[in-house]
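Asks: Below is a structure I'd like to ask you about.
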Amino acid sequence: MKVRILGSAAGGGFPQWNCNCPNCRGVRDGSLRATPRTQSSIAISADGIDWLLVNASPDILAQLAANPVLQPARALRDTGLVGVLLMDGQVDHTTGLYMLREHRGPLRIWCTDPVHADLTQGNPIFGVLSHFCGVDRRVLPFDGTPFSVDGLEALAFSAIPLSSKPAPYSPHRENPQPGDNIGLLVSDTRDGRTLFYAPGLGAIDAPTWQAMQRADAVLVDGTFWHDDEMPRLGVSSKTGRSIGHLPQAGDDGMISWLDRLPATTRKLLIHINNTNPILDEASAERAELARHGIEVTRDGMEFSP
């Protein structure tokens, strides 16, 4: 199995276009040792030729251009993408679907029923795409039932619901439902190696923890260092947990959970907000992650669990 990081930042990217927090200002003027990032998305492949796009960020066209492996050029019009799997219905994970409207034939999209409701009612992307390539919607079970993806038959997929919040435009924004946000387990049937992927993770319950313990690599929510990171900087009154993101720091933070995994588990963070001090490669927070054996993903990175 191959996993390619197309984008590693949270919504807005890094630097965010209208932000002058210390991180964004520093990466712009060169005073900060940091790497710009596009909004989070990954691609998964069994053979390095056919790929499943997991989340379609607003930066998808730049991401495709930066990753030529996704364009095998076997025909006049071609793509290495066999389809799209959506982890949630958030704008920073679905807007890129508009950019794929030239697809030849209906675009295969795996999503849960709550996400389908978000994208047909609250933000009717699927309706708009019906006027272009069309959508071949595949129901994504989120009770742990295994499912397959056309073109990636060597990989077995299963999903579980996560504690998080639906998109602001969701018909059930104030009444979160199972399936609003999922964690994804992907196993290679040839060698048994397994990835757990969860870019949005508000809390770790028993099923989530069991899934993480099963995996050889966990690629999880790295949005905030502190729960009150945005209020501290004055960029928002919202805390990380209130919008569905478990911070890294603290007794019940992501670091403490990742420390409990087996020493052989590869631990990686994705969906990193522009305010997070771990973006500063010379920061004490980045050094602390290194001491715990936790990696910060970057755009263009590829690994195998």
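The values are calculated or read from the model by the stated rules, or taken from the named source; none is laboratory data. These figures come from a predicted structure and were not determined experimentally. Cβ atoms come from the backbone with ideal geometry, glycine included; neighbour counts cover every protein chain shown.
Asks: Going through 223, 275, 239, 264 one at a time, which residue ends up being in contact with a strand residue (DSSP E or B) (Cβ under 9 Å, 6 or more places away or on another chain) and on the phi < 0 side of the Ramachandran plot?
Replies: Just a single option satisfies the conditions, and that option is 223.
Asks: Follow-up. It is to be established whether one or more residues within the stretch 69-79 are farther than 16 Å from residue 272 by Cα, in contact with a helix residue (DSSP H, G or I) (Cβ under 8 Å, 6 or more places away or on another chain) and of a type in the set (S, T, N, Q).
Replies: yes
Asks: Suppose we keep only residues that are touching a residue at least 60 places away in the same chain (Cβ under 8 Å) and under 17 Å from the mean Cα position of the chain (by Cα) within the stretch 204-224. Which one would you say is surrounded by the fewest Cβ atoms within 10 Å (Cβ to Cβ)?
Replies: Step by step, filter the stretch 204-224, then rank; the result is 217.
Asks: Also, quick follow-up: Please identify the pairs in which a residue from the stretch 284-298 that is free of Cβ contacts under 8 Å to residues at least 24 places away in the same chain and within 25 Å of residue 38 (Cβ to Cβ) has its Cβ atom under 9 Å from the Cβ atom of a residue that is among the acidic types (Asp, Glu) and outside any helix (DSSP H, G or I), counting only partners at least 6 apart or on another chain.
Replies: Pairs found: 286/280.
Asks: Kindly provide the set of residues from the stretch 187-210 that are of a type in the set (A, V, I, L, M) and either touching a helix residue (DSSP H, G or I) at 6+ places or on another chain (Cβ under 6 Å) or within 22 Å of residue 10 (Cβ to Cβ) (or both), ordered by number.
Replies: 195, 198, 201, 203, 204
Asks: Can I ask one more? Can you tell me which of 44, 49 is closer than 21 Å to residue 219 by Cα and either hydrophobic (A, V, I, L, M, F, W, C) or in contact with an Asp or Glu (Cβ under 7 Å, 6 or more places away or on another chain) (or both)?
Replies: Every option except 44 fails the conditions.
Asks: When the stretch 275-295 is examined, which residues are found to be crowded, with 21+ Cβ neighbours inside 10 Å and either touching a Pro at 6+ places or on another chain (Cβ under 6 Å) or among the β-branched types (Val, Ile, Thr) (or both)?
Replies: 275, 278, 294
Asks: Is the stretch 238-251 home to any residue that is surrounded by fewer than 20 Cβ atoms within 10 Å (Cβ to Cβ), among the hydroxyl-bearing types (Ser, Thr, Tyr) and either over 26 Å from residue 16 (Cα atoms) or at pLDDT below 95 (or both)?
Replies: Checked against the condition, which is being surrounded by fewer than 20 Cβ atoms within 10 Å (Cβ to Cβ), among the hydroxyl-bearing types (Ser, Thr, Tyr) and either over 26 Å from residue 16 (Cα atoms) or at pLDDT below 95 (or both), the stretch 238-251 yields at least one hit.
For (1) buried (at least 19 other Cβ atoms within 10 Å of the Cβ); (2) without any contact (Cβ under 8 Å) to a residue 24 or more places away in the chain, each residue gets a yes or a no:
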site	(1), (2)
98	no, no
106	no, no
109	yes, no
113	no, no
131	no, yes
136	no, no
143	no, yes
154	no, no
172	no, no
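Asks: Follow-up. If we keep just the residues of the stretch 1-34 that are polar (S, T, N, Q) and surrounded by fewer than 23 Cβ atoms within 10 Å (Cβ to Cβ), which is farthest from residue 149 (Cα to Cα)?
Replies: Across the stretch 1-34, the extreme among qualifying residues is 31.
Asks: A follow-up question, please. Would you pick out the residues in the stretch 26-51 that are within 25 Å of residue 88 (Cβ to Cβ), part of a loop (DSSP other than H, G, I, E, B) and over 13 Å from the mean Cα position of the chain (by Cα)?
Replies: Listed by number, the residues that qualify are 36, 46, 50.
Asks: Mind listing just one residue for me: the one in the stretch 261-286 that is among the aliphatic types (A, V, I, L, M) and not in a helix (DSSP H, G or I) and, of those, modelled with the lowest pLDDT?
Replies: Taking the candidates together, the pick is 263.
Yes/no matrix, rows are residues, columns are (1) out of contact with any strand residue (DSSP E or B) (no Cβ under 7 Å at 6 or more places or on another chain); (2) of a type in the set (Lys, Arg); (3) in a loop (DSSP other than H, G, I, E, B):
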| residue | (1), (2), (3) |
| --- | --- |
| 53 | no, no, no |
| 57 | no, no, yes |
| 65 | yes, no, no |
| 78 | yes, no, yes |
| 84 | no, no, no |
| 92 | no, no, no |
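Asks: Among the candidates 258, 184, 195, 201, single out the residue that is surrounded by 14 or more Cβ atoms within 10 Å (Cβ to Cβ) and either in a helix (DSSP H, G or I) or touching a Lys or Arg at 6+ places or on another chain (Cβ under 8 Å) (or both).
Replies: Only one candidate qualifies: 258.
Asks: Hey, among the residues in the stretch 99-154 that are assigned to a loop (DSSP other than H, G, I, E, B) and basic (Lys, Arg), which one's modelled with the lowest pLDDT?
Replies: Filtering first and then ranking leaves 104.
Asks: Exactly one condition in (1) touching a strand residue (DSSP E or B) at 6+ places or on another chain (Cβ under 8 Å); (2) part of a loop (DSSP other than H, G, I, E, B) is false for residue 96; which is it?
Replies: Unmet condition: (2).
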